[in-house]
Amino acid sequence: MPQSAAQSAATRGAPSGAQFGMSYQPIVPTGGLIGWGYLSRTLETQTGNFAKNPEIVRDTEYFTQNINSVRSAEGLVSDRRLMRVALGAFGLQSDIDSRAFIQKVLEGGTEEPTALANRLSDDRYAEFARAFGFGNPGGARTASPTWAQSIVSKFQRQQFEVAVGNQDESMRLAMDAQRTMPEIGALSGTDETKWFKIMASPPLRQVFETALGLPAAFGQADLDIQVTEFADRAQRQLGIDDLSKLSDPEVQDAVIRRFLLRDQVASFSQQSSGAIALTLLQSMPRLY
């Protein structure tokens, strides 16, 4: 679809696909900063339309109608439809077949430093276990309709991001960063603690690594060295000397723009290298 037509369809509130018995898919007319600008302008309309997709509606209605009767981790993992929303809300949908593992994560809670959720390198598991509360002193939080709706809202947003990522993974990473940077900025504690939070979130870590020009092998360095290098580059390149600034929309925009620019440059470089290699191969004389 031409960009002008795409803009027209999204910004005038095009009917969701659910009304026509078909699924609405996000409109991402192009990549890079231009694509990000368009997606940002139409985000409210597009996410609203996407949430009306029949499959999303069925999953979320089932969750809100049935989650209030679940009082244990075992009860949750035994219901695949509930698990689809529960895991999907935290970007953990790929673990839907790992029932025993997810049950252990939930039952261990997050109160003890030795809890499984706290020992995993991906911080999303701790967020997931904390949200449901099965292994924590307060117990299950599933009886609250307000809580259930908060999980549904997270699921709808995450599923939209997944659908965007199916078209452009960099856009998905940018959306994840836009959603999670304010949460990092609002945390109490030292900047070192906040850097560890960023490093423990695979999507957010990738955004910062790319934005700051860090190589892929950087993750193999000692953790203290990684924190120091992240902090040093963030200050020199983006002027971020205090991670509480991640609560500022202008700082968030600066990080995302730098990420998308570096990502696009790297993509162009790879394409150019591939084109050069193909040209050289095609120009080589045949041996037989």
Could you count how many residues in region 127-147 are surrounded by fewer than 20 Cβ atoms within 10 Å (Cβ to Cβ) and among the small types (G, A, S)?
-> 6
Could you run through region 242-288 and say how many residues are open to solvent by less than 70 Å² (accessible area, probe 1.4 Å), of a type outside the set (D, E, K, R) and either in contact with a helix residue (DSSP H, G or I) (Cβ under 9 Å, 6 or more places away or on another chain) or at pLDDT 95 or above (or both)?
-> 14
Within region 161-185, work out how many residues are surrounded by fewer than 17 Cβ atoms within 10 Å (Cβ to Cβ) and within 21 Å of Y24 (Cα to Cα).
-> 4
Scan region 58-98 residue by residue and report those that are more than 22 Å from the chain's Cα centre (by Cα) and either under 26 Å from L204 (Cα atoms) or small (G, A, S) (or both).
-> S69, S72, A73, G75, S78
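Do you know which of the residues in region 33-46 that are open to solvent by 10 Å² or more (accessible area, probe 1.4 Å) and among the small types (G, A, S) is nearest to Q264 (Cα to Cα)?
Checked region 33-46; the qualifying residue nearest to Q264 (Cα to Cα) is G37.
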Selection from region 191-211 of residues at pLDDT 95 or above and either small (G, A, S) or outside any helix (DSSP H, G or I) (or both) yields A211
Restricting attention to region 105-126, and to residues there that are of a type in the set (A, V, I, L, M) and under 13 Å from K197 (Cα atoms), which single residue is most open to solvent (accessible area, probe 1.4 Å)?
-> L120
List the pairs whose first member sits in region 213-226 and is touching a residue at least 12 places away in the same chain (Cβ under 8 Å), whose second member is open to solvent by less than 40 Å² (accessible area, probe 1.4 Å) and assigned to a loop (DSSP other than H, G, I, E, B), and whose Cβ atoms are under 9 Å apart, counting only residues at least 6 apart or on separate chains?
-> Q226/L214
Pairs returned, first residue in region 159-181 that is within 18 Å of D253 (Cα to Cα), second residue that is hydroxyl-bearing (S, T, Y) and buried (at least 19 other Cβ atoms within 10 Å of the Cβ), beta-carbon separation under 9 angstrom, 6 or more apart or interchain, are S170/T210; L173/T210; D176/S201; T180/S201
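Given the residues R84, R71, which is the only one that is part of a loop (DSSP other than H, G, I, E, B), open to solvent by 30 Å² or more (accessible area, probe 1.4 Å) and not acidic (D, E)?
Matching residue, one of R84, R71: R71.
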Does L116 satisfy being without any contact (Cβ under 8 Å) to a residue 40 or more places away in the chain and in contact with a Lys or Arg (Cβ under 8 Å, 6 or more places away or on another chain)?
-> yes
Is it the case that some residue within region 96-104 is assigned to a loop (DSSP other than H, G, I, E, B) and open to solvent by less than 20 Å² (accessible area, probe 1.4 Å)?
-> no
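The values are calculated or read from the model by the stated rules, or taken from the named source; none is laboratory data. Keep in mind that what you see is a predicted model, and the values were worked out from it rather than measured. Positions of Cβ are generated from backbone atoms using ideal geometry, with glycine treated the same way; all protein chains shown enter the neighbour counts. Side chains are part of the model used for accessible areas, which takes the heavy atoms of the whole protein and leaves out ligands, DNA and RNA. Shrake-Rupley method; radii C 1.70, N 1.55, O 1.52, S 1.80 Å.
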